[in-house]
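The values are calculated or read from the model by the stated rules, or taken from the named source; none is laboratory data. These numbers come from a predicted model, not from an experiment. Note: ideal-geometry Cβ built from the backbone for every residue, glycine included; neighbour counts use all protein chains shown. Note: accessible area is taken over every heavy atom of the protein model, side chains too, but ligands, DNA and RNA are not part of it. Shrake-Rupley method; radii C 1.70, N 1.55, O 1.52, S 1.80 Å.
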Amino acid sequence: MVITLAIIGVSLLIISRGMLADLRDRSITTADEIQSLLEYPLYVVDNDQAARIGETFLYSGRVSGIVIESTSGGVILSKTTGKRSQSIPQISRDISRDGLLLGKITLMFSDEEIVGMQSRFGLIALVVIIAVLLTNIAANRLIIARRVRKPIDSILSAIKDISVWGTMLEGRLQ
């Protein structure tokens, strides 16, 4: 049972670390995408288009928070939709074109999906452990107990027979 618990714990750790590493990689890719998409709207000072691009990424679930700042217009968009991850740092990028600083973007990411997966995996592991324990108890009661009880019952029966024979012999000898 201890081995099963250890295997489940290590599996959960490996899976969650792998998922976090994948989420970190995706967060860098997402930051690169947004940075390149915002370059033109900030260059032509189309703040509405820049805000729409930011909100598209925000509501796609790829980011949990976004702040878009323009050097010409200040903060264009500052929104958060999800719980910020403690294990994935926020990413800030300067947006520039031809050496001209146009603005800055800051992205926050959420690991709620991974935390939810961990809790589901933990619940499944708990159910499996309980099932194994119940199966083990049932096997002990039904199979192993019968096998152990059968020789003991045979020995007790033999002792009873010997005592009956001994009593009968004692009665004949008197």
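Return yes or no: is Arg84 more than 12 Å from Leu42 (Cβ to Cβ) and either assigned to a helix (DSSP H, G or I) or modelled with pLDDT of 90 or more (or both)? No, not satisfied. Residue pairs whose Cβ atoms lie under 7 Å apart, separated by 6 or more positions or on different chains, with the first residue in the range 129-150 and in contact (Cβ under 8 Å) with a residue 12 or more places away in the chain and the second in a helix (DSSP H, G or I) and surrounded by 11 or more Cβ atoms within 10 Å (Cβ to Cβ), are Ile129/Thr4; Ile129/Leu5; Val132/Thr4. Only a single item in (1) in contact (Cβ under 8 Å) with a residue 12 or more places away in the chain; (2) loosely packed, with under 14 Cβ neighbours inside 10 Å is not met by Ala125, and it is number (2).
May I ask you to verify whether Tyr43 is in contact (Cβ under 8 Å) with a residue 24 or more places away in the chain and aromatic (Phe, Trp, Tyr)? Step through it out loud before you land on a result.
On the way: in contact (Cβ under 8 Å) with a residue 24 or more places away in the chain: yes; aromatic (Phe, Trp, Tyr): yes.
It is true that Tyr43 is in contact (Cβ under 8 Å) with a residue 24 or more places away in the chain and aromatic (Phe, Trp, Tyr).
Check Val45, Val63, Val67 and return the single one that is at positive phi, among the hydrophobic types (A, V, I, L, M, F, W, C) and surrounded by 13 or more Cβ atoms within 10 Å (Cβ to Cβ).
Details: Val63 fails: at positive phi; Val67 fails: at positive phi.
Val45 is the lone residue from the list that is at positive phi, among the hydrophobic types (A, V, I, L, M, F, W, C) and surrounded by 13 or more Cβ atoms within 10 Å (Cβ to Cβ).
One residue alone among Ser36, Ser16 is under 30 Å from Leu134 (Cβ atoms) and either open to solvent by 20 Å² or more (accessible area, probe 1.4 Å) or under 16 Å from the mean Cα position of the chain (by Cα) (or both), and that residue is Ser16.
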